[in-house]
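Data block below; observations after.
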Amino acid sequence: MTANYLILSGIVCKTPIRKVSPSGIPHCQFMLEHRSMQHEAGFLRQVWCRLPIVINGKQIIEITRSIKIGEHIIVQGFINYHQGRNGFGKIVLHVEKIDLLKSGD
């Protein structure tokens with residue numbers, strides 16, 4: 001078995017796009033911005049990234065109704081490579097679990 005599981009906290013920084021596929025599967029996409037301080041080689045390092053988030057399926061999509069820009073969340077899932085029509089690719093996090101955080105969490 002090959003490991004592919006990521007847990008990331010951050011702030012929703014782009015308006016979620018919600019769609020339903022022709023087969024009736026709901027989809028939600030947005031951008032998550034993460035900022036933190038991490039220990040590396042005995043030093044404290046400031047880290048920052050933005051990662052596209054994809055959420056699919058009726059069971060998990062219900063929680064996305066309240067997600068908006070500025071929401072603090074923690075997402076868990078697997079990463080995958082998506083290639084756009086323009087030929088450029090990107091790493092995307094496919095969410096299997098999402099938690100909305102209250103201010104101060």
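Derivation of every value follows stated rules applied to the coordinates shown; laboratory data play no part. For clarity, every value in this text was computed on a predicted model and none was experimentally measured. Backbone-built Cβ (ideal geometry, glycine too); neighbour counts: all protein chains shown.
Our helix-only sum for the chain, with -39,500 (n - 2.57) per DSSP H run of n ≥ 4 divided by its residues, gives a mean residue ellipticity at 222 nm of -500 deg cm²/dmol. Per the Debye calculation on the range 6-101 with a single equal scatterer at every Cα and no solvent contribution, log₁₀ I(q)/I(0) for q = 0.11, 0.20, 0.21, 0.25 Å⁻¹ amounts to -0.35, -1.01, -1.09, -1.38. Listed by chain and number, the lysines whose alpha-carbon sits under 18 Å from that of LYS68, ignoring those within fewer than 8 places in the same chain, are LYS14, LYS19, LYS97, LYS102. Using the average count of surrounding beta-carbon atoms within 10 Å as a protection proxy, the listed peptides 65-72, 26-33, 53-60 rank, highest first, as 26-33, 53-60, 65-72.
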